[in-house]
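Engineer: This is the structure I have questions about; it appears just below.
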Amino acid sequence: MTERVGRAWLLLGPALAVLAALFALPAILLFAVSFWEVRSFRLSPALSLAAWAGIWRDYAGLAAYTVGIGLAVSALTTMLGLAFALAVRFAVRQGDRLMIAVLITLFGGYLVKIYAWKSILGADGLLNQALIALGLTGAPLQALIYSRGAVIVALVHFLLPFAILPLYAGLRNVSDTAIEAARDLGASRAAILWRVVLPQVRGGLFAAIAFTFLLAAGDYVTPMLLGGPGGTMLGQFVLLEFSTNFDWPAGAALSYALLGSCLAVLAVLAAVVFGAGRQP
Amino acid sequence: MIGRLLIALFLLFLLGPILLVVLFSFGSSALIGFPTGPLTLDWYRALWNDSGFWVSLRASLVVALATAVIATLTGTLAALGLRRLGAGTARLLTGGLALPVLMPPLVVAIAIVVLVVRGLGLPLGVPVVVLAHVLVTQPFVILILLARLERFDPAAMEAARDLGATEWQAFTRVMLPQIAGALVGAGLIAAAISLDDFIIASFTLGGGNTLSTFTWGKMRTTLDPSINAIATVLIVLTLSLSAVALRLARYRG
Amino acid sequence: MTAADRAGLSAMADRAGLSAGADRAGLSAGADGAGLSAGADGAGLSAGADGAGLSAGAAAAVAPLLRLDGVSKSYGTMTAVAPVDLSVAAGEFCAILGPSGCGKSTLLRIVAGLVAPSTGRIRIAGEDVTQLGAERRPTNMVFQSYGLFPHMTVAQNVGFGLSLRRLPPAEISARVAEALALVQLDGFGARMIDRLSGGQQQRVALARALILRPKVLLLDEPLSALDLKLRHQMQEEIRRIHAETGGTFLFVTHDQGEAFALASRVVVMNGGRIEQQGTPEEVYRRPATRFVAGFVGEASYLSGRRSGGVVALGAGPRFAAPGPDAGVTAMIRPERLRIAPGGLPARVADVQFLGPTTLVLARLPGGEVLRAALGDPQPGLSAGDEVRLAWDPSDVWVLDD
């Protein structure tokens, strides 16, 4: 028995080594750096809370705002993803094939998708062209792009597959017989959805919410290309602190502040998703 | 009926923007929009003549290949190891190994840069990129392999041993052929993720370009639709890798 | 008239009854049942509302609780259920018996309202429910795979139907406790479903359906997932619950033993059609078709010809049996054969001591095989020996080919 277990750890060795060297260690170091100081453009180890105080002063509002956008994107994406997953699970046959179509878009085209939205939402972009052609507006709508709306749309579009997949996986595990039994006992379609189906996919629901929230809150490329002055997010300023200001402690502190806020929000969400709706 | 309409609209929303980019890469007008003008390969020709494109393509392919090989190795071994552990421990470890994917890539990349440059004093470059990519792709390899291994009948291995095979022979002649599809599929997925990655590469590459960072450069500096061409190349590469991978790994949810 | 003639007559009556409507068949089955089940063998038919078979006939004469008229189901060119007439009396325990794919589950789901019939009407307590969906019908079903709600406790599962009808929580708890007591799961209310054994899950599924006091309880092969010992146990449980509640049960199974053990009325289906309806005894001793004969038990089959009201078997014996001139097959159940000096000569092919009986397979000179289940062990008998096997004339059942 212990020989098996010993062998297991040996097999896990390489993967864990990568994890330790490129994730755990850097994370610890980065955390340490957040307590360092920058004197005359040189980074020096220290134990100071200056960086943390600085980011609280400068970025607290933006942090809240970023978390807000993350939640909005997560909520939208999860709801749309749920609608889609339910439709595929219950309204069609060969749902698995459709899921492959969705999966394929998962790994391709992060930059491309953002660029596509730029082309669609821009002042001379497709949407404006269509609106003008249809006579719905005289001049191009400037507000479509470089706004927080554009950021949200692009993020929802990119993150939809990330939400759909865990939701569909969860729905697949709901037995058809249980649903038939619920019908037989007199449940309406709404009752079946709310009391039999959804409670069984809490896991998938949380995975979708958490994943989309984390990825949205941490993104910087989308707000950079589509956000304009009104749609900035925290990620952009992490980049700023590191690359332009060379203020690594500030960047490190900001990174961890971002992570910390995200985790706090997720803890609350977990309580809601797993605690809500306990039936009598 | 509503269900089908919903699904159709969804797929339109999901795939539409990508299809548009592909479409306009063949259009001859200088601006994005209808009418596209006669279809042309001009933008592709421009790309073909751009040496920067070829250099970055080569770098991307090298990184993707290395990532695929290494991540498949570490991930498969990890999956084989996880199978032998108790459910609770296995779940904990899988979660831990998956953490790098859940964190914002920005932070992951920056932390690596800080360690390599400041902590170790080493230069950035392709090796760092490859290792960083392995970090974020091995969880996917692990998940794919775990799913495949679940459907694998352990009695087959025992039968092989009973018939006289050593552990190594049993592994190479009984298990390996059966999981080969999943292995290759996982490798291709890792390659696709590596090719598509922009954020991590832009931080850890140091000098030079991968296809993604090259695309980014173009997006920042020019407005011409050749961006559509290069974007299309990127999409085609990653999508075909994903498609082949899914077929091989016989995705079943 | 010999007993064989009488038996032949009622077979014809049964078959006639089938095509004209289930009621008449029920009547003649009842009339015969009173006579034949005086020595009620096996099956313990005494429990339940049917008594000695008399009330089956009496009940059928009153309006049936469940009535299917011309119900059929086709999927494109494939016919799952050919037009079928079926009546089930109140308080009856009716089993639909048949092989996989014979349409029995489809028929049950049509009654439940989960499948819409292609033709026909379904009436429950006089009311036409054909257009009603499963949600509104006064039926409840126990599913083969139970269909329990994994995210709820036992009490929540059982009380689900009541909570949908918005009964006050106090009343729900009381009735849930009552239902759990009925299936002998007192105290299990707070457990989660995945902590229960197969048999316990079965009972939860039963309680969940029964608590709603359906007019007809439908059971779709609910015991097929259990191992043998548990199955027998649950069969007794279900019989007890039927007796206690006095409800009307419609039960689908492919297991002949199970159908006989539980039901007072058996409906044998094959290929989408009902081949015979009757008490277990009738179906066993006077099967309507060769299929029914073979499905409900083992037998020896001897071919012959009937002309002028007399059957002459290829193997030799002749006996009177009214009916048209035609090729026929004589069926004799294994327990009806015995070794006797005046019997047919045959050569033993195999002897198996099974415990309570000894199975002897013997081949007649003409090639046909006799299967005998003898009560006494046959230590001296082995393959190759010559034996003589005989039967009472009243134990032969004649099937038209």
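Engineer: Does C:GLN277 fit the bill of being touching a strand residue (DSSP E or B) at 6+ places or on another chain (Cβ under 6 Å), polar (S, T, N, Q) and free of Cβ contacts under 8 Å to residues at least 60 places away in the same chain? Show your work before the answer.
Structural biologist: On the way: touching a strand residue (DSSP E or B) at 6+ places or on another chain (Cβ under 6 Å): yes; polar (S, T, N, Q): yes; free of Cβ contacts under 8 Å to residues at least 60 places away in the same chain: no.
For C:GLN277, the condition - touching a strand residue (DSSP E or B) at 6+ places or on another chain (Cβ under 6 Å), polar (S, T, N, Q) and free of Cβ contacts under 8 Å to residues at least 60 places away in the same chain - is not met.
Engineer: With the checklist (1) part of a loop (DSSP other than H, G, I, E, B); (2) under 26 Å from A:GLY149 (Cβ atoms) in hand, flag the one item A:LEU258 doesn't pass.
Structural biologist: It is condition (1) that A:LEU258 fails.
Engineer: Next question, about the same structure. Can you tell me which residue within segment A:175-219, out of those that are without any contact (Cβ under 8 Å) to a residue 40 or more places away in the chain and outside any helix (DSSP H, G or I), is nearest to the chain's Cα centre (by Cα)?
Structural biologist: That would be A:SER175.
Engineer: Taking segment A:17-42 on its own, how many of its residues are outside any loop (DSSP other than H, G, I, E, B), more than 7 Å from chain B (Cβ to nearest Cβ), farther than 30 Å from B:LEU73 by Cα and of a type outside the set (Asp, Glu)?
Structural biologist: Pass one, segment A:17-42, residues outside any loop (DSSP other than H, G, I, E, B): A:17-33, A:37-39, A:42.
Imposing the further condition that a residue be more than 7 Å from chain B (Cβ to nearest Cβ) reduces the set to A:17, A:20-21, A:24, A:28, A:31-32, A:37-39, A:42.
From what's left, farther than 30 Å from B:LEU73 by Cα: A:31-32, A:37-39, A:42.
Restricting the remaining residues to those that are of a type outside the set (Asp, Glu) gives A:31-32, A:38-39, A:42.
The number of residues fulfilling the criteria is 5.
Engineer: Within segment C:113-129, is there a residue that is within 11 Å of chain A (Cβ to nearest Cβ) and under 17 Å from C:LEU212 (Cβ atoms)?
Structural biologist: yes
Engineer: Name every residue in segment A:107-139 that is buried (at least 16 other Cβ atoms within 10 Å of the Cβ) and assigned to a loop (DSSP other than H, G, I, E, B), in order of residue number.
Structural biologist: Of everything in segment A:107-139, those that are buried (at least 16 other Cβ atoms within 10 Å of the Cβ) and assigned to a loop (DSSP other than H, G, I, E, B) turn out to be A:PHE107, A:GLY108, A:GLY109, A:GLY122, A:GLY125.
Engineer: Filter segment B:219-234 for residues that are within 11 Å of another protein chain (Cβ to nearest Cβ) and surrounded by 23 or more Cβ atoms within 10 Å (Cβ to Cβ); which is nearest to the chain's Cα centre (by Cα)? First the steps, then the outcome.
Structural biologist: So in segment B:219-234, the residues within 11 Å of another protein chain (Cβ to nearest Cβ) come out as B:219-220, B:223, B:225, B:227-228, B:230-234.
Now restrict to residues that are surrounded by 23 or more Cβ atoms within 10 Å (Cβ to Cβ): B:225, B:227-228, B:230-231, B:234.
Numbers: B:PRO225: 26, B:ILE227: 21, B:ASN228: 21, B:ILE230: 18, B:ALA231: 16, B:LEU234: 12 Å.
The qualifying residue nearest to the chain's Cα centre (by Cα) is B:LEU234.
Engineer: Tell me yes or no: at least one residue of segment C:97-108 is crowded, with 21+ Cβ neighbours inside 10 Å and facing another protein chain (nearest Cβ under 9 Å).
Structural biologist: Within segment C:97-108, not a single residue is crowded, with 21+ Cβ neighbours inside 10 Å and facing another protein chain (nearest Cβ under 9 Å).
Engineer: Residues being surrounded by 17 or more Cβ atoms within 10 Å (Cβ to Cβ) and touching a strand residue (DSSP E or B) at 6+ places or on another chain (Cβ under 6 Å): count how many of those fall in segment C:156-200.
Structural biologist: The qualifying residues number 0.
Engineer: Would you mind telling me which numbered condition in (1) over 22 Å from B:ALA71 (Cβ atoms); (2) touching a residue at least 24 places away in the same chain (Cβ under 8 Å) B:VAL184 fails?
Structural biologist: Only one criterion is unmet by B:VAL184, namely (1).
Engineer: Let me ask something else. With the condition kept exactly as written, say whether any residue in segment C:217-237 is on the phi > 0 side of the Ramachandran plot and either surrounded by 21 or more Cβ atoms within 10 Å (Cβ to Cβ) or touching a strand residue (DSSP E or B) at 6+ places or on another chain (Cβ under 8 Å) (or both). First the steps, then the outcome.
Structural biologist: Filtering segment C:217-237 for residues on the phi > 0 side of the Ramachandran plot gives C:221.
From what is left, the residues that are either surrounded by 21 or more Cβ atoms within 10 Å (Cβ to Cβ) or touching a strand residue (DSSP E or B) at 6+ places or on another chain (Cβ under 8 Å) (or both) are C:221.
Yes.
Engineer: Among the residues in segment B:81-92, are any in contact (Cβ under 8 Å) with a residue 12 or more places away in the chain and not small (Gly, Ala, Ser)?
Structural biologist: Looking for residues that are in contact (Cβ under 8 Å) with a residue 12 or more places away in the chain and not small (Gly, Ala, Ser), one finds at least one in segment B:81-92, hence yes.
Engineer: Just to be sure before I move on: is A:ALA267 closer than 19 Å to B:GLY95 by Cα and assigned to a helix (DSSP H, G or I) in the structure I sent?
Structural biologist: The answer is yes for A:ALA267.
Engineer: Among the residues that make up segment A:82-99, is at least one of them exposed (fewer than 15 other Cβ atoms within 10 Å of the Cβ), of a type in the set (Asp, Glu), under 29 Å from B:ALA186 (Cβ atoms) and facing chain B (nearest Cβ under 7 Å)?
Structural biologist: Yes, segment A:82-99 contains at least one residue that is exposed (fewer than 15 other Cβ atoms within 10 Å of the Cβ), of a type in the set (Asp, Glu), under 29 Å from B:ALA186 (Cβ atoms) and facing chain B (nearest Cβ under 7 Å).
Engineer: Taking segment B:150-180 as the region of interest, how many residues are surrounded by fewer than 16 Cβ atoms within 10 Å (Cβ to Cβ) and closer than 30 Å to B:ILE235 by Cβ?
Structural biologist: Adding up the residues that qualify gives 1.
Engineer: A:ILE104: crowded, with 16+ Cβ neighbours inside 10 Å, within 23 Å of B:ALA191 (Cα to Cα), at the interface with another protein chain (Cβ under 7 Å from one of its Cβ atoms) and more than 18 Å from the chain's Cα centre (by Cα), yes or no?
Structural biologist: Here the answer is yes, as A:ILE104 does meet what is asked.
Engineer: Scan segment B:129-139 residue by residue and report those that are surrounded by fewer than 23 Cβ atoms within 10 Å (Cβ to Cβ) and within 10 Å of chain A (Cβ to nearest Cβ).
Structural biologist: B:LEU131
Engineer: Working carefully through the options B:ALA111, B:ALA79, B:ALA98, find the one that is in contact with a Pro (Cβ under 7 Å, 6 or more places away or on another chain), buried (at least 24 other Cβ atoms within 10 Å of the Cβ) and among the small types (Gly, Ala, Ser).
Structural biologist: Unique residue meeting the criteria: B:ALA111.
Engineer: Separate question: Kindly check whether there is at least one residue in segment A:206-224 that is more than 14 Å from chain B (Cβ to nearest Cβ), modelled with pLDDT under 90 and more than 22 Å from A:ALA270 (Cβ to Cβ). Reasoning before the result, please.
Structural biologist: Quick first cut of segment A:206-224, residues more than 14 Å from chain B (Cβ to nearest Cβ) only: none.
Scanning segment A:206-224 turns up no residue that is more than 14 Å from chain B (Cβ to nearest Cβ), modelled with pLDDT under 90 and more than 22 Å from A:ALA270 (Cβ to Cβ).
Engineer: Would you pick out the residues in segment A:14-52 that are among the small types (Gly, Ala, Ser), surrounded by 14 or more Cβ atoms within 10 Å (Cβ to Cβ) and under 16 Å from B:LEU93 (Cβ atoms)?
Structural biologist: A:ALA15, A:ALA24
Engineer: Okay, next question. Can you report the number of residues in segment A:225-253 which are facing chain B (nearest Cβ under 10 Å) and either at pLDDT below 80 or touching a strand residue (DSSP E or B) at 6+ places or on another chain (Cβ under 8 Å) (or both)? Show your work before the answer.
Structural biologist: Filtering segment A:225-253 for residues facing chain B (nearest Cβ under 10 Å) gives A:225, A:234-236, A:238-239, A:241-243, A:248, A:251-252.
From the residues that got through so far, the ones that are either at pLDDT below 80 or touching a strand residue (DSSP E or B) at 6+ places or on another chain (Cβ under 8 Å) (or both) too are A:248.
Residues that pass the stated criteria total 1.
Engineer: Any residue in segment B:101-115 that's more than 7 Å from every other protein chain (Cβ to nearest Cβ): show its pairings with residues that are in a loop (DSSP other than H, G, I, E, B) and surrounded by fewer than 24 Cβ atoms within 10 Å (Cβ to Cβ) at Cβ separation under 8 Å, as long as the two are six or more apart or on different chains.
Structural biologist: Within 8 Å, the pairs are B:VAL113/B:LEU124.
Engineer: Six or more apart or on different chains, Cβ atoms under 9 Å: show the pairs whose first residue is in segment C:289-308 and within 20 Å of C:ARG363 (Cα to Cα) and whose second is of a type in the set (Asp, Glu).
Structural biologist: Note: pairs meeting the criteria are C:SER300/C:GLU368; C:TYR301/C:GLU368; C:LEU302/C:GLU368; C:SER303/C:GLU368; C:SER303/C:ASP401.
Engineer: Failed condition for C:VAL154, given (1) within 11 Å of chain A (Cβ to nearest Cβ); (2) modelled with pLDDT of 90 or more; (3) in contact with a Lys or Arg (Cβ under 8 Å, 6 or more places away or on another chain), with all others met?
Structural biologist: The single condition C:VAL154 does not satisfy is (1).
Engineer: For segment B:141-203, please list each of the helices (runs of 4 or more DSSP H) lying entirely inside it that holds at least 1 residues being closer than 30 Å to B:PHE214 by Cα. If you could, list the steps in order and put the result at the bottom.
Structural biologist: Working: elements: B:154-162, B:167-170, B:176-196.
Ranges flagged: B:176-196.
The values are calculated or read from the model by the stated rules, or taken from the named source; none is laboratory data. In this text, all values refer to a predicted model and were calculated from it rather than measured experimentally. Here the Cβ is made from the backbone with ideal geometry for all residues, glycine too, and neighbour counts use every protein chain on show.
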